[in-house]
Amino acid sequence: MAQIEFEEIVETFQYLEDWEGRYRHIIDLGKNMSKLESIFKIEKNKVNGCASQVWIRSSIEEFDGTLRFSFEGESDALIVSGLISILRSLYNGLPISEVLSVDFQSEMDRLGLKEHLSLQRSNGLRSMVNRLQEIAKKSIGS
């Protein structure tokens, strides 16, 4: 179910020997992600439940007759921007009907994030996923 980009992150995490290296990789993912245009950093796109400032802007586009989900986002915290990048690799490009069926926790367990993120970061990550799922539900009329 995971996207190719997500599988690449999983492989990289398996290659990196310690969590210091994995944290650096997450931060690098965030640094390398394109920034959200400032006009989209508005209250409507803000994710509540995160200790950091987080904005998510989604879009649904038709490709080959299938409605596909994508989003862009940004945070004022480098590690959180990296987590956004990981979520993008997991969700972007999925048919909108599949967004709700992603086993988010299972996929994150493959990265070992549960044991290595603070409770605040874990709650923030869950808030971001909840926002993505809300967007998907509204898009398919559930």
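Bear in mind these aren't lab numbers, they're just calculated from the coordinates by the rules spelled out. These figures come from a predicted structure and were not determined experimentally. Note: ideal-geometry Cβ built from the backbone for every residue, glycine included; neighbour counts use all protein chains shown.
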- [ ] Mind checking the stretch 6-59 for GluC sites (Glu not before Pro) that DSSP puts in a loop (not H, G, I, E or B) and that have at most 15 other Cβ atoms within 10 Å?
- [x] Glu17, Glu37
Task: Degrees, to the nearest 10: 78-91 long Cα axis against longest axis of the chain - done: 50
Task: With Cα atoms, 0 to 90° folded angle of helix 4-15 axis to the chain main axis - done: 10
Open item on the list: Counting only helical runs of four or more DSSP H residues, what would the 222 nm mean residue ellipticity of the chain come to if each run contributes -39,500 (n - 2.57) and the total is spread over all its residues?
Closed with: -16500 deg cm²/dmol
Task: Hz values of 3J(HN,Hα) by residue in the stretch 100-105 - Karplus curve (6.51, -1.76, 1.60), Gly and Pro given as x - done: 6, 8, 5, 7, 3, 5
Task: At most 14 other Cβ within 10 Å, DSSP loop - trypsin sites (Lys or Arg not before Pro), the stretch 63-142 - done: none
Open item on the list: Contact order normalised by length for the stretch 4-140, with contacts defined as Cα pairs under 8 Å and 6 or more residues apart; what percent is it?
Closed with: 27
Task: the chain: angle of helix 19-32 to the longest principal axis, Cα-based, in degrees nearest 10 - done: 40
TODO: Taking the Cα centre of the stretch 1-124 as origin, work out the dipole magnitude from +1 charges on Lys and Arg Cβ and -1 charges on Asp and Glu Cβ, in debye rounded to 20.
DONE: 540
- [ ] Inverting the mean 1/r over all pairs of different Cα atoms, compute the Kirkwood radius of the stretch 1-48 and quote it in Å.
- [x] 13.0
Open item on the list: Skipping prolines and chain starts, which residues have an amide H placed within reach, meaning under 5 Å, of the one on Val54, given they are 5 or more residues away or on another chain?
Closed with: Val47
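Note the per residue figure in Å³ for the convex hull of the C-alpha positions in the chain. Numbers along the way, then the final one.
Numbers: hull volume 15.5 nm³, N = 142.
Cα convex hull per residue, to the nearest whole number: 109 Å³.
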Task: Alpha-carbon centroids, the stretch 1-27 and the stretch 80-141: separation in whole Å - done: 15
Task: Gained length - Ser52 relative to Glu8, 0.36 nm times residue gap less alpha-carbon distance - done: 13.2 nm
